[in-house]
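In what follows, a single structure is set out as structure tokens and then discussed.
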């Protein structure tokens, strides 16, 4: 198992390098001058050139990429063009806020999705199946930013029951697990959990339905095994596929949602990305996307390991 884990980590290195190259290329292919958002239009040319030199924008792109990647390896993501702050500090603080939102959303979305999918898979064609499938379809189809605005209108504007913006009173970004802060978490958490809930429900239902139709299940019934023990065998066969979907959806949640975090004013990685896009802050854009990309790479390794632990037969070479 250790050898397999080390091999997967080794495979992830060129993927991480490719992610960094794609991130750098896409950001620099976007039109516009990265200094235009912070330098007045009537600024002297020598001032603009000095800023461009200080940030390294006057160098050839391959040189910029090499220097950026070399510093990124040791955790130096540069300084923000807009604020002058350390990018790594900004990104880590935003990612920490996103994790605070994403983990409860993942627990809610995954748990409800697995329960609904399991019920639908074992009760195919019955009313429980239709209800669960309908909920899953709504979860996938409804735009999550629209759902967020509806929840704000209902629970914040009409009922005045929950706050609509921020993660604390007075725009505070310091989190604590108390009711004053947790009430700010409820609406964005429910909104963020809705899409993963629908996807997980449909995946679990389809996988269970396919597994129940296989010959080994009939053989287990013929041997006289009860439903509980058959469920255990089915779950072991369903687990690898479900784990792969859960890993992808967790990556989506940890990556943050620009729209949801913007709607609720949640100061996470998605909100930081939105701000960086509007101000054309290239160091912040590169740093945030790179960190989120590394999350996906790490999650893929963890999902591969989890699948192997559940079912060693799927171990990849």
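The values are calculated or read from the model by the stated rules, or taken from the named source; none is laboratory data. Because the structure is predicted, anything quoted here is derived from the model rather than measured. Positions of Cβ are backbone-derived with ideal geometry, glycine not excepted, and every protein chain shown enters the neighbour counts.
Could you name every one of the helices (runs of 4 or more DSSP H) located completely within segment 210-281 that has at least 3 residues being surrounded by fewer than 22 Cβ atoms within 10 Å (Cβ to Cβ) and within 22 Å of the chain's Cα centre (by Cα)?
On the way: elements: 215-222, 227-254, 258-263, 269-279.
So the answer is 227-254, 258-263, 269-279.
It is to be established whether one or more residues within segment 196-203 are surrounded by fewer than 17 Cβ atoms within 10 Å (Cβ to Cβ) and not in a loop (DSSP other than H, G, I, E, B). Step through it out loud before you land on a result.
Here is the first cut: in segment 196-203, the residues surrounded by fewer than 17 Cβ atoms within 10 Å (Cβ to Cβ) are none.
Among the residues of segment 196-203, not one is surrounded by fewer than 17 Cβ atoms within 10 Å (Cβ to Cβ) and not in a loop (DSSP other than H, G, I, E, B), which makes the answer no.
So, residue 163, is that one outside any helix (DSSP H, G or I) and out of contact with any strand residue (DSSP E or B) (no Cβ under 7 Å at 6 or more places or on another chain) or not? Steps first, please.
Numbers: outside any helix (DSSP H, G or I): yes; out of contact with any strand residue (DSSP E or B) (no Cβ under 7 Å at 6 or more places or on another chain): yes.
Yes, satisfied.
Taking residue 101, is it touching a helix residue (DSSP H, G or I) at 6+ places or on another chain (Cβ under 7 Å) and either within 18 Å of residue 272 (Cα to Cα) or in contact (Cβ under 8 Å) with a residue 60 or more places away in the chain (or both)?
Details: touching a helix residue (DSSP H, G or I) at 6+ places or on another chain (Cβ under 7 Å): yes; either within 18 Å of residue 272 (Cα to Cα) or in contact (Cβ under 8 Å) with a residue 60 or more places away in the chain (or both): yes.
Criteria met by residue 101.
Given the structure, is residue 119 free of Cβ contacts under 8 Å to residues at least 40 places away in the same chain and under 30 Å from residue 207 (Cβ atoms)?
Working: free of Cβ contacts under 8 Å to residues at least 40 places away in the same chain: yes; under 30 Å from residue 207 (Cβ atoms): yes.
When the stated conditions are applied, residue 119 passes them.
Scan segment 45-68 residue by residue and report those that are in a helix (DSSP H, G or I) and exposed (fewer than 15 other Cβ atoms within 10 Å of the Cβ). Break it down into steps so the answer makes sense when it comes.
So the first thing to find is which residues in segment 45-68 are in a helix (DSSP H, G or I), and the list is 45-54, 61-68.
Residues satisfying the conditions are 45, 46, 47, 49, 50, 53, 54, 61, 62, 63, 66, 67.
Starting from residues that are in contact with a helix residue (DSSP H, G or I) (Cβ under 7 Å, 6 or more places away or on another chain) and at pLDDT 75 or above, keep the ones in segment 22-44 and report whichever is surrounded by the fewest Cβ atoms within 10 Å (Cβ to Cβ).
27
What single numbered condition from (1) touching a strand residue (DSSP E or B) at 6+ places or on another chain (Cβ under 8 Å); (2) surrounded by fewer than 16 Cβ atoms within 10 Å (Cβ to Cβ) fails to hold for residue 79?
Here residue 79 clears every test but (2).
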